[in-house]
Amino acid sequence: ANCSLLPLLPNVQETPIKLALVAMYFILLFVILNTELKMYQSKNNFMSTGLNIGKLQWLYLSGFIPIQLFYSVIQPMMLPRWQFLPLMLFSVYSAVGCVYCWWKCYTLFCETNNIVFS
């Protein structure tokens, strides 16, 4: 969701700042969540694995790099009249990630209900 806000800062001069802020946010969030999850897992006698980000999730997260390159390099040179295109690409790509997260939460909820109510 944070990456979908990147096209709202359209100037080329703002690109390094917005990419640095998003990268710092992701790194800080990953470190904090991983540490807290490991502490929770060890405290409650779970196997301490931390955040398990699979290949599909890494592939999705790394997909923002080509979209940002398209937004920063290709679109201004080749398609300057289509200023809506980067925002649309970011929005659709982020929506796919949101639907995937909701699906994962739904399947986890269903699995938990099957375990609890069985």
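Per residue, the chain exposes 79 Å² of solvent-accessible protein surface, assessed with a 1.4 angstrom probe and all protein chains in place. The C-alpha radius of gyration of the chain, expressed as a fraction of 2.2 N^0.38 Å, stands at 1.36.
So if each residue of separation counts as 0.36 nm, and I subtract the Cα-Cα distance between LEU8 and ILE74, what length gain in nm does that give?
Numbers: separation 66, 0.36 × 66 = 23.76 nm, distance 1.72 nm.
Between LEU8 and ILE74, full extension yields an extra 22.0 nm.
Residues considered: MET24, MET47, MET39. Largest GNM mean-square fluctuation over the chain, using C-alpha springs under 10 Å, is found at MET47. Between LEU85 and MET39, the contour length at 0.36 nm per residue exceeds the Cα-Cα span by 12.3 nm.
Once the C-beta distance of MET24 and THR49 is scaled by a Förster radius of 30 Å, the resulting FRET efficiency is 0.75 to the nearest 0.05. From the alpha carbon centroid of region 18-70 to that of region 73-87 is 30 Å.
The fraction of accessible area contributed by carbon and sulfur in region 36-118 is 72 percent, rounded to a whole number (1.4 Å probe; ligands and nucleic acids excluded).
Highest GNM mean-square fluctuation among GLN57, GLN83, GLN41, for the chain modelled with Cα contacts below 10 Å: GLN41. Placing a label point 7 Å from the Cα of GLU111 along the Cα-to-Cβ direction, the residues of region 53-78 with a backbone N closer than 17 Å are 53-58. Taking the square roots of five times each eigenvalue of the Cα gyration tensor of region 15-83, the equivalent ellipsoid has semi-axes of 37, 13, 6 Å, listed largest first.
The values are calculated or read from the model by the stated rules, or taken from the named source; none is laboratory data. No experiment lies behind these values; they were computed from the predicted model shown. Heads up, the Cβs are rebuilt from the backbone with ideal geometry, glycines too, and the neighbour counts pull from every protein chain shown. The area values use the complete protein model at the heavy-atom level, side chains included, leaving out ligands, DNA and RNA. Shrake-Rupley method; radii C 1.70, N 1.55, O 1.52, S 1.80 Å.
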